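**Q** My structure is below; once you've seen it, I'll send some questions.
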Amino acid sequence: MESEWLGTAIAVLGTAGVVIFFVVALVKARRRRREMFAEAPARPTGERGAPADLTARPQPEPEPEPESEPEPEPEPEPEPEPEPEEPPPREAEPAVEVDAALQQGLARTNASLLGRLNELFTRRPRLDPALFDELEEVLLTADVGVSLTTRLVGELRQSLAKERADAADAVRRALQDKMAAALASSNAGGEPLALGEARPWVILFVGVNGVGKTTTIGKVAAKLRGAGRSVVLAAGDTFRAAAVEQLVVWGERTGCRVIRGEATADPASVIFNAIEHAKQVQADVVLADTAGRLHTKTNLMDEIRKVKRAAGKARDGAPDEVWLVVDATTGQNAVQQAREFHQALGVTGLVLTKLDGTAKGGVVVAIGDALQLPVRFIGVGETAEDLRPFVAEEFLAAMFRVAR
């Protein structure tokens with residue numbers, strides 16, 4: 001029994017020891033927990049004082065919002081682009097001074113050309129093919145010539161079609177501009193009476209019968225004498241007594257010595273003698289008249305070549321100028337004359353006479369364009385003052401009577 005009780009006691013004691021061990025461990029554990037809680041900071045609480053979730057990660061503090069940039073001012077709405085307007089009309093260029101005598105001398109040409117243009121534009125105020133066809137007829141009537149007229153009208157078709165300009169004003173201005181271009185070389189001779197270094201300076205006048213060679217020589221002599229030049233006149237038209245007498249009268253008017261030969265004398269010898277005399281008296285200029293020569297007659301053209309050679313024998317390099325005098329009233333025939341004389345003699349300048357007596361002043365443009373020769377003078381009246389140095393701009397302004 002004792003052994004059973006002892007076994008039981010030992011078992012109870014063993015169990016009690018275990019219990020005591022666990023009780024002591026539990027007390028110690030609670031004590032450590034109290035000490036830990038006493039040292040720890042107060043717990044944060046959630047809403048309404050509830051303990052916060054200690055396992056939740058701390059939330060980062062929100063970054064401060066950047067200061068808002070000022071809103072840009074609204075851009076002004078672009079103004080609507082204006083509709084393209086038609087180009088403004090070309091400003092008029094300064095008017096070319098044209099004296100009354102020149103304008104009066106070209107009155108017939110002006111009335112014919114400008115009058116027909118005005119009538120054409122009244123009927124056809126806008127550009128169309130029919131207008132250009134009629135314009136060709138107007139220019140041909142003014143003796144501008146077939147070749148030049150065709151070219152001018154063709155250029156006008158192209159340039160004015162691009163501009164879409166009003167017919168009347170545009171055609172007048174464009175036509176005047178293109179005629180000025182055709183006359184560019186005709187205005188390239190400079191002062192017509194400017195003399196070179198050679199003495200005497202020899203100018204040989206040639207042309208067909210009746211164009212006004214002798215009268216032209218007298219007027220040129222008057223201009224040279226007015227400029228203080230000493231002049232000798234050579235009466236080389238020995239086949240026409242009236243020409244010799246006419247030149248003598250001009251010599252008396254202008255105070256120039258006239259060298260003449262016997263009736264029917266060789267014209268070449270008269271020119272030779274005149275140059276020799278001018279050398280002796282130290283004259284500045286010799287103006288040499290010649291007999292009228294039909295440009296279609298080969299033997300007569302050979303004679304005028306002989307006269308030119310005689311001048312060269314009298315003074316090396318003479319003649320210094322060969323001026324062809326043509327009658328503007330002959331129209332397109334004057335162009336052919338100029339071509340033949342130029343081929344035979346090497347014409348250096350043109351003189352167009354009797355422009356005041358014709359409506360065909362456009363021949364000046366035709367000759368200038370065809371031969372590219374300088375026009376020295378134009379004759380628009382009877383007096384010496386009516387033989388005027390040619391200036392293309394003045395001529396065209398008087399012919400069109402349009403301020404530029």
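The values are calculated or read from the model by the stated rules, or taken from the named source; none is laboratory data. Because the structure is a prediction, the values reported are computed rather than measured. FYI the Cβ positions are ideal-geometry reconstructions off the backbone, even for glycines, and counts take in every protein chain you see. With ligands, DNA and RNA removed, areas are computed over all heavy atoms of the protein, side chains included. Shrake-Rupley method; radii C 1.70, N 1.55, O 1.52, S 1.80 Å.
**Q** Go through the stretch 252-264 and report how many residues are of a type outside the set (A, V, I, L, M, F, W, C), open to solvent by 60 Å² or more (accessible area, probe 1.4 Å) and either touching a helix residue (DSSP H, G or I) at 6+ places or on another chain (Cβ under 9 Å) or closer than 19 Å to Glu276 by Cα (or both).
**A** Within the stretch 252-264, residues that are of a type outside the set (A, V, I, L, M, F, W, C), open to solvent by 60 Å² or more (accessible area, probe 1.4 Å) and either touching a helix residue (DSSP H, G or I) at 6+ places or on another chain (Cβ under 9 Å) or closer than 19 Å to Glu276 by Cα (or both) number 4.
**Q** Can you pull out the residues in the stretch 322-346 that are surrounded by fewer than 22 Cβ atoms within 10 Å (Cβ to Cβ) and under 27 Å from Arg199 (Cα atoms)?
**A** Hits for the stretch 322-346 are His342, Gln343, Ala344, Leu345, Gly346.
**Q** Now, a different point. Select from the stretch 227-251 the residues that are more than 17 Å from Glu382 (Cβ to Cβ), without any contact (Cβ under 8 Å) to a residue 40 or more places away in the chain and of a type outside the set (A, V, I, L, M, F, W, C) and write down the one among them that is surrounded by the fewest Cβ atoms within 10 Å (Cβ to Cβ).
**A** Once the filter is applied, the top-ranked residue is Gly228.
**Q** Quick one: which of Leu204, Leu247 is in contact with a strand residue (DSSP E or B) (Cβ under 7 Å, 6 or more places away or on another chain) and either among the β-branched types (Val, Ile, Thr) or not in a helix (DSSP H, G or I) (or both)?
**A** Just a single option satisfies the conditions, and that option is Leu204.
**Q** On to the next question. Yes or no: the stretch 179-198 includes at least one residue that is modelled with pLDDT of 85 or more, more than 21 Å from Arg388 (Cβ to Cβ) and in contact with a Ser or Thr (Cβ under 7 Å, 6 or more places away or on another chain).
**A** There is no residue in the stretch 179-198 that is modelled with pLDDT of 85 or more, more than 21 Å from Arg388 (Cβ to Cβ) and in contact with a Ser or Thr (Cβ under 7 Å, 6 or more places away or on another chain).
**Q** Let me ask something else. Within the stretch 275-307, can you find the residues that are over 22 Å from Ala334 (Cα atoms) and modelled with pLDDT under 95?
**A** Lys306, Val307
**Q** Just the residues that are within 23 Å of the chain's Cα centre (by Cα) and within 14 Å of Ala328 (Cα to Cα), please, taken from the stretch 135-152.
**A** Val144
**Q** Also: Across the stretch 103-119, what is the total count of residues that are at pLDDT below 80 and more than 12 Å from Phe400 (Cα to Cα)?
**A** 1
**Q** Being modelled with pLDDT under 85 and either among the hydroxyl-bearing types (Ser, Thr, Tyr) or buried (at least 20 other Cβ atoms within 10 Å of the Cβ) (or both) is true for just one of Thr358, Thr383. Which residue is that?
**A** None of the other options fit; the residue is Thr358.
**Q** Restricting to the stretch 127-137, name every residue that is aliphatic (A, V, I, L, M) and open to solvent by 10 Å² or more (accessible area, probe 1.4 Å).
**A** If the condition is that a residue be aliphatic (A, V, I, L, M) and open to solvent by 10 Å² or more (accessible area, probe 1.4 Å), then Leu127, Ala130 are the ones that fit.
**Q** State whether the residues of the stretch 213-226 include one that is part of a loop (DSSP other than H, G, I, E, B), at negative phi, in contact with a helix residue (DSSP H, G or I) (Cβ under 6 Å, 6 or more places away or on another chain) and touching a residue at least 24 places away in the same chain (Cβ under 8 Å).
**A** no
**Q** Would you mention how many residues in the stretch 163-175 are open to solvent by less than 10 Å² (accessible area, probe 1.4 Å) and modelled with pLDDT of 75 or more?
**A** Of the residues in the stretch 163-175, 2 are open to solvent by less than 10 Å² (accessible area, probe 1.4 Å) and modelled with pLDDT of 75 or more.
**Q** Now a separate question. Taking the condition more than 41 Å from the chain's Cα centre (by Cα) and assigned to a loop (DSSP other than H, G, I, E, B), does Ala268 pass?
**A** Criteria not met by Ala268.
**Q** Could I ask something else about it? Any chance you could count how many residues in the stretch 297-342 are assigned to a helix (DSSP H, G or I), among the aliphatic types (A, V, I, L, M) and closer than 18 Å to Ile275 by Cα?
**A** Number of matching residues: 5.
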